[in-house]
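These notes are about the structure you will find just below.
The values are calculated or read from the model by the stated rules, or taken from the named source; none is laboratory data. Here the structure is a predicted model, which means the values were calculated and not measured. Here the Cβ is made from the backbone with ideal geometry for all residues, glycine too, and neighbour counts use every protein chain on show.
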Amino acid sequence: MNSRVYVPPMAGVTDLVFRSIVRRIDPGCLMSTEMVSSRALLAKPESRIMDLGADEHPIGIQIFGHEPDVMAHAAQLAEKRGADFLDINMGCPVPKITKGKDGCALMKEPDLAREIIKTVKQSVKVPVTVKFRLGWDDENRNAVEFGEMAEEAGASLVTVHGRTRQQLYSGNADWQHIALVKAALSIPVFGNGDVFSPEAAMRMLEITGCDGVAVARGTLGNPWLIPAITRYLDRGILDEPPDNIERLIMAFWHCTGLIAYKGPRVGVNESRRHLTNYTKGISGAAPYRNRLTQIAGLKDAVQILSELALLVGGKEGLTRFLLAVEQDNLKNGEHPGERNGNGEGGIKTPVDIDAILPVAIP
Ligand SMILES: Cc1cc2nc3c(=O)[nH]c(=O)nc-3n(C[C@H](O)[C@H](O)[C@H](O)COP(=O)(O)O)c2cc1C
């Protein structure tokens with residue numbers, strides 16, 4: 001856990017598939033699962049949210065809830081599943097979560113928050129970390145005192161999102177206020193909010209003095225951002241961004257990964273927003289993006305991505321893209337030309353690309 005760059009939890013995003021995509025380009029990246037309800041774990045301890053890859057480290061599992069004993073039980077389950085650290089969510093602003101005293105609502109109940117951290121800390125051997133915001137609203141910016149409480153209760157590290165609960169995602173993250181938290185604590189503090197580039201990561205660290213930076217939305221459709229930030233912080237080198245075909249190939253891998261892991265219905269459904277994220281910033285992609293939001297299966301995705309590959313990379317780009325599809329098929333034990341026909345298990349890619357120029361997918 002020496003990394004200065006961290007992909008914090010994102011519900012509906014940082015699942016096993018997303019994390020494996022990030023680890024394809026940055027194997028040692030510090031990451032966390034999506035948040036998991038401590039109460040739900042009582043009923044379903046085998047929750048797939050806590051599925052970890054074979055060698056997936058370093059990895060945190062994030063739990064939320066407000067009952068110290070239930071949280072301690074959840075923490076033990078998470079530890080058994082292989083978490084390297086246990087993160088407690090005290091920053092989620094979503095009403096469904098806060099109205100049950102969970103997430104950021106705990107910033108209004110520091111005594112209860114303290115008891116949760118202490119109880120969880122006593123129940124596991126792995127480090128316990130806490131993620132929170134600047135406070136509930138502007139009148140109650142208690143992040144400094146809250147951070148001091150977390151440290152005193154046994155947290156090994158805190159991540160601070162520079163917004164209040166009331167702000168949700170509006171306005172700018174207040175990095176100056178994160179600096180106050182950093183200055184007050186002895187444990188490592190990770191600053192969080194609005195880092196979308198290596199330069200912004202550097203600026204955030206300069207302004208806050210933080211030990212590391214947590215980058216969430218910036219990774220959507222752009223997993224390359226994480227190693228790019230690390231290289232910039234460590235060596236001042238700005239990586240070339242991936243070319244458009246590389247983006248399309250990664251989008252395809254993400255989609256096939258989701259379908260393989262979650263099944264065709266959920267996998268395709270969840271792929272739609274990831275696919276559109278990968279194509280953001282590609283000139284001329286808007287109409288294709290629109291179609292990607294409506295795909296019915298992997299076939300549709302490959303069709304649209306192939307057309308985009310042709311648009312942005314010409315014949316050569318399309319060939320590169322289709323070769324990646326072909327390799328994926330072979331890796332999965334399928335041979336070109338042999339296809340199950342339902343469009344979910346893989347895609348037949350004709351070797352003769354001229355044959356696919358008008359219609360990419362059979
Ligand atoms: C789709 C989405 C889901 C999120 N889910 C969680 C979550 O499960 N737990 C959590 O602590 N924060 C969650 N967050 C907040 C992020 O971890 C992060 O604090 C926030 O997005 C600000 O960082 P950013 O500006 O780098 O995106 C979520 C954010 C997004 C966009």
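Could you check how many residues of segment 41-65 are within 15 Å of the ligand (Cβ to nearest atom) and either assigned to a loop (DSSP other than H, G, I, E, B) or in the same structural domain as Gly257 (by TED's automatic domain parsing) (or both)?
2
Let's see how each residue does on (1) closer than 28 Å to Tyr169 by Cα; (2) surrounded by fewer than 18 Cβ atoms within 10 Å (Cβ to Cβ):
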| residue | (1), (2) |
| --- | --- |
| Asn2 | no, yes |
| Asp15 | yes, no |
| Leu30 | yes, no |
| Ala40 | yes, yes |
| Ile59 | yes, no |
| His66 | yes, no |
| Gly82 | no, yes |
| Thr98 | yes, no |
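Counting only residues that are within 18 Å of Gly209 (Cβ to Cβ) and touching a residue at least 40 places away in the same chain (Cβ under 8 Å), which one in segment 161-174 is surrounded by the most Cβ atoms within 10 Å (Cβ to Cβ)?
Filtering segment 161-174 for residues that are within 18 Å of Gly209 (Cβ to Cβ) and touching a residue at least 40 places away in the same chain (Cβ under 8 Å), the one surrounded by the most Cβ atoms within 10 Å (Cβ to Cβ) comes out as His161.
Can we say Pro110 is under 21 Å from the mean Cα position of the chain (by Cα) and more than 15 Å from the ligand (Cβ to nearest atom)?
no
Tell me whether segment 85-95 contains one or more residues that are surrounded by 17 or more Cβ atoms within 10 Å (Cβ to Cβ) and either of a type in the set (Ser, Thr, Tyr) or more than 15 Å from the ligand (Cβ to nearest atom) (or both).
No, because not a single residue in segment 85-95 is surrounded by 17 or more Cβ atoms within 10 Å (Cβ to Cβ) and either of a type in the set (Ser, Thr, Tyr) or more than 15 Å from the ligand (Cβ to nearest atom) (or both).
Report yes if some residue within segment 236-247 is crowded, with 24+ Cβ neighbours inside 10 Å, part of a helix (DSSP H, G or I), more than 16 Å from the ligand (Cβ to nearest atom) and not polar (S, T, N, Q); otherwise report no.
yes
Being outside any helix (DSSP H, G or I) and in contact with a Ser or Thr (Cβ under 9 Å, 6 or more places away or on another chain) is the filter here, so list the residues in segment 271-328 that pass it.
Matches in segment 271-328: Ala285, Thr293, Ile295.
For residues that are part of a strand (DSSP E or B) and among the hydrophobic types (A, V, I, L, M, F, W, C), scanning just segment 1-37, find the one that is nearest to the ligand (Cβ to nearest atom).
Met35
Tell me which of these Ala150 doesn't satisfy, since it passes every other one: (1) small (Gly, Ala, Ser); (2) part of a helix (DSSP H, G or I); (3) within 12 Å of the ligand (Cβ to nearest atom).
So the condition that Ala150 fails would be (3).
So which of Val181, Val158, Val144, Val213 is assigned to a strand (DSSP E or B), modelled with pLDDT of 95 or more and more than 16 Å from the chain's Cα centre (by Cα)?
Val158
Restricted to segment 113-137, and to residues that are touching a Ser or Thr at 6+ places or on another chain (Cβ under 6 Å) and more than 16 Å from the ligand (Cβ to nearest atom), which residue is nearest to His73 (Cα to Cα)?
Pro127
Under the condition of being within 23 Å of the chain's Cα centre (by Cα) and among the small types (Gly, Ala, Ser), which residue from segment 63-78 is farthest from Val124 (Cα to Cα)?
Out of the qualifying residues, it is Gly65.
Please tell me if Leu205 is within 22 Å of the chain's Cα centre (by Cα), closer than 21 Å to Gly193 by Cα and not basic (Lys, Arg).
Yes; evaluated as a whole, the condition is true for this residue.
From the set of residues in segment 193-205 that are under 21 Å from Ile21 (Cβ atoms) and crowded, with 16+ Cβ neighbours inside 10 Å, which is nearest to the ligand (Cβ to nearest atom)?
Checked segment 193-205; the qualifying residue nearest to the ligand (Cβ to nearest atom) is Val195.
Collect the residues in segment 206-222 that are within 14 Å of Val22 (Cβ to Cβ) and among the small types (Gly, Ala, Ser), keeping them in residue-number order.
Result: Ala214, Ala216, Gly218, Gly221.
List the number of the failed condition for Pro227; all other conditions in (1) away from the ligand (no atom under 12 Å from the Cβ); (2) assigned to a loop (DSSP other than H, G, I, E, B) hold.
(2)
Output the number of residues of segment 17-38 satisfying the condition of being more than 23 Å from Arg4 (Cβ to Cβ) and of a type outside the set (A, V, I, L, M, F, W, C).
2
Give the residue, chosen from Thr208, Thr219, that is within 15 Å of the ligand (Cβ to nearest atom), in contact (Cβ under 8 Å) with a residue 60 or more places away in the chain and of a type in the set (S, T, N, Q).
Testing whether each residue is within 15 Å of the ligand (Cβ to nearest atom), in contact (Cβ under 8 Å) with a residue 60 or more places away in the chain and of a type in the set (S, T, N, Q) leaves just Thr219.
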